[in-house]
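Down below is the structure, laid out as structure tokens.
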Amino acid sequence: MSLQEKFRIKTVYEISYSDLETIIKTVYGHSVELVLEEEWGNDEKHDIIVGAGKLDKWDLEILTDFKETGKGTYGITRILLEDMCSGELLDPGNYLISICW
């Protein structure tokens, strides 16, 4: 058995946080500062697994509040990605958010 057999190949959708903020502004009409809301630091990458239909009632409350007021909170990135996936704007999968400024 080779060492390589222990690894698996997977598809990942990678995007910079600033490009994702632009998409969110286009889709929802509100600006959001993902680095601030998620407490991310420079030179980090965050993997978010997105699959349609994974929003619970608390997530839906946060989503409704964001849609109405533009108010973000911790976890807003996953919630918005899930919402865009369930609305068929994004495919389900692993999304890697790159932070660099």
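The values are calculated or read from the model by the stated rules, or taken from the named source; none is laboratory data. All of these numbers come straight from a predicted model, not from anything done at the bench. Quick reminder, even Gly has a Cβ in these numbers, built from the backbone with ideal geometry, and neighbours come from all protein chains shown.
Structure notes:
- Restricting Glu88, Glu37 to residues that are modelled with pLDDT of 95 or more and not hydrophobic (A, V, I, L, M, F, W, C) narrows the list to Glu37.
- Residue match in region 48-62 (condition: over 13 Å from the mean Cα position of the chain (by Cα), among the aromatic types (Phe, Trp, Tyr), farther than 20 Å from Val12 by Cα and surrounded by 12 or more Cβ atoms within 10 Å (Cβ to Cβ)): no
- Condition met for Arg78 (assigned to a helix (DSSP H, G or I) and either surrounded by fewer than 17 Cβ atoms within 10 Å (Cβ to Cβ) or in contact with a strand residue (DSSP E or B) (Cβ under 9 Å, 6 or more places away or on another chain) (or both)): yes
- Residue match in region 57-68 (condition: among the polar types (S, T, N, Q) and either in contact (Cβ under 8 Å) with a residue 12 or more places away in the chain or in a loop (DSSP other than H, G, I, E, B) (or both)): no
- Of all residues in region 1-47 being closer than 20 Å to Leu89 by Cβ, among the aliphatic types (A, V, I, L, M) and in contact with a Gly (Cβ under 9 Å, 6 or more places away or on another chain), the one that is surrounded by the most Cβ atoms within 10 Å (Cβ to Cβ): Val32
- If you go through region 81-90 and pick out every residue that is within 15 Å of Asp47 (Cα to Cα) and either touching a Gly at 6+ places or on another chain (Cβ under 8 Å) or part of a loop (DSSP other than H, G, I, E, B) (or both), you end up with 1.
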